[in-house]
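The structure appears right after this line, and notes come after that.
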Amino acid sequence: MAKCLLVHPIVRAQDRPRHIPYGIAQLAAVIKDKHQVAISDMNIARELYSTEDDIFEYELTESLKAEKWDIVGVGGLSSQYAQIKRIIPIARRTNPKALIVGGGGWSTYLPSEMLQLNPELDIICVGESEETLKEILDGGALKDIRGIYYREDGQTIATE
């Protein structure tokens with residue numbers, strides 16, 4: 001049983017939270033029967049996640065240190081990319097052995113470029129990823145998992 005944390009960055013910071021993160025909730029629902037899964041919705045406690053880097057990093061690090069995660073998934077919209085690019089290196093430092101997986105609109109449009117811009121990322125899931133994430137968590141060979149981009153020997157690999 002793998003341990004997976006799904007992180008949802010703040011969206012529309014000037015507004016109050018109105019919705020649960022449906023995409024991440026769907027992913028959690030699909031994998032919860034075989035794997036331990038938790039969601040860190042940064043919108044719930046957005047007042048803690050200040051724009052000041054040291055406070056942001058401290059609060060996020062505390063959340064990421066709650067368990068020893070096998071996979072940390074970071075998803076969201078393109079409009080959340082400023083938050084996402086802050087989250088990914090903190091996730092790597094806090095969980096150096098975990099697979100760091102990106103998904104959602106921010107990474108689907110330019111997956112190869114997002115891997116280059118975010119060297120701490122291990123995998124990017126393209127499109128709808130319920131089955132893809134299950135296969136990653138089940139420990140399948142990356143080359144056999146459809147709909148991902150990953151690095152191997154310094155090269156970006158795209159699967160079917």
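For first residues located in the stretch 5-18 and over 26 Å from GLN36 (Cα atoms) and of a type in the set (Gly, Ala, Ser), partners that are modelled with pLDDT under 65 and open to solvent by 20 Å² or more (accessible area, probe 1.4 Å) and lie 6+ apart or on another chain with Cβ distances below 9 Å form the pairs ALA13/ARG46; ALA13/TYR49; ALA13/THR51.
The number of residues in the stretch 28-78 being in a helix (DSSP H, G or I), of a type outside the set (D, E, K, R), at pLDDT below 85 and open to solvent by 60 Å² or more (accessible area, probe 1.4 Å) comes to 2.
Under the condition of being part of a helix (DSSP H, G or I) and among the acidic types (Asp, Glu), which residue from the stretch 104-148 is modelled with the lowest pLDDT? Restricting to residues being part of a helix (DSSP H, G or I) and among the acidic types (Asp, Glu), the top hit is GLU130.
Among the numbered conditions (1) more than 19 Å from ALA28 (Cβ to Cβ); (2) assigned to a helix (DSSP H, G or I); (3) touching a strand residue (DSSP E or B) at 6+ places or on another chain (Cβ under 8 Å), the only one that ARG151 does not meet is (2).
The values are calculated or read from the model by the stated rules, or taken from the named source; none is laboratory data. Fair warning: this is a prediction, and the values are worked out from it, not measured in the lab. Positions of Cβ are generated from backbone atoms using ideal geometry, with glycine treated the same way; all protein chains shown enter the neighbour counts. Keep in mind that these areas ignore ligands, DNA and RNA; they rest on the heavy atoms of the full protein, side chains included. Shrake-Rupley method; radii C 1.70, N 1.55, O 1.52, S 1.80 Å.
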